[in-house]
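Colleague: Okay, here's the structure, questions in a sec.
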Amino acid sequence: MIPIEISPQKSSVSRCPSCGNNGKAVKTTTLYSLIKKERQDSITDPRYFFCGSRGCDVVYFKEDGSQTFYKQDLVVRVGIKEDSPPRPVCYCFNHTVEEIFDEIQRTGKSTVMDDIRAHMKKGGCSCETKNPQGSCCMGTVEYFVKEAFSQPRFAYLGPIGGIISAILASLCCVGPFVLVMLGASGAWVGNLRVFEPYRPIFIMFTMSFLGAGFYNVYKKPKEDCKPGSLCAVPQTKKVGRIFLWTATILVVFMLVLPYLIGLLA
């Protein structure tokens, strides 16, 4: 079947029959390129709309809402609609949301925009047939770059700082006990007790680091962040929360350990 093309108007919008959010008109070329072959016979209309709302399984729909295509009907993942990695944002040159966030966390800068521009100069950009939105991905990529820069660069500073502070807070009591168990004695054991007066300070730092970690991980989205919009995409990976809770359990154990040793002594 030869697709019938009608170039979508930039201002042309229609509401998704599933979530009710505005959709964006796309050419049928995009649908024929990305919808699985066994579903392509269902493309009967020259005019379809793209729904980019997260949490909504509908990807394309007819203007009157009588026909829809879902995420499972496509041969690619729709990155802006997904919660779990990988979430592709540049389909021509294989860039993901996770890659953008990881680079900025590690280096403090992003090279993804420069990489895309360099590839575009060499050719090979086919957003109309590779990007589910049917248009250039630069706007979406730029959004996630800005979003990544708005996050704390050192995402794990809170948990790591908490662990270090907890170790220092426990050093005065746990350190001598461990050294004695290992057969050490004398000055090495006594020297560690100089940390004892500073134990409350280290505990305060420990709680502060952990508090900052929980704030960064669980803070609410911006008030103007509408459900289904790009900013509603989870900003913190599940692994970050797992790391934070693991660190918290370890910290609590280290802070309680001196008291346990006191009871056993």
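Colleague: Among the candidates V75, V89, which residue alone is within 28 Å of G124 (Cα to Cα), open to solvent by 60 Å² or more (accessible area, probe 1.4 Å) and β-branched (V, I, T)? Write out each step before concluding.
Modeller: Details: V89 fails: open to solvent by 60 Å² or more (accessible area, probe 1.4 Å).
It is V75.
Colleague: Every residue in the range 120-141 that is crowded, with 16+ Cβ neighbours inside 10 Å and either farther than 20 Å from G79 by Cα or charged (D, E, K, R) (or both), please.
Modeller: K130
Colleague: With the condition being in contact with a strand residue (DSSP E or B) (Cβ under 8 Å, 6 or more places away or on another chain), more than 26 Å from V145 (Cβ to Cβ) and without any contact (Cβ under 8 Å) to a residue 40 or more places away in the chain, I'd like the helices (runs of 4 or more DSSP H) fully within the range 27-133 carrying at least 1 qualifying residues.
Modeller: 28-34
Colleague: Just one of (1) closer than 30 Å to D41 by Cβ; (2) at pLDDT 95 or above trips up H95, so point out which.
Modeller: Here H95 meets the rest and fails (1).
Colleague: Every residue in the range 92-119 that is among the β-branched types (V, I, T) and open to solvent by less than 50 Å² (accessible area, probe 1.4 Å), please.
Modeller: T96, V97, I100, I104, V112, I116
Colleague: Restricting the search to the range 29-52, which residues are buried (at least 21 other Cβ atoms within 10 Å of the Cβ) and out of contact with any helix residue (DSSP H, G or I) (no Cβ under 7 Å at 6 or more places or on another chain)?
Modeller: Hits for the range 29-52 are L31, L34, F49, F50, C51.
The values are calculated or read from the model by the stated rules, or taken from the named source; none is laboratory data. Because the structure is a prediction, the values reported are computed rather than measured. Virtual Cβ from ideal backbone geometry, glycine too; neighbours counted across all protein chains shown. What goes into the accessible areas is simple: the full protein's heavy atoms, side chains included, and nothing from ligands, DNA or RNA. Shrake-Rupley method; radii C 1.70, N 1.55, O 1.52, S 1.80 Å.
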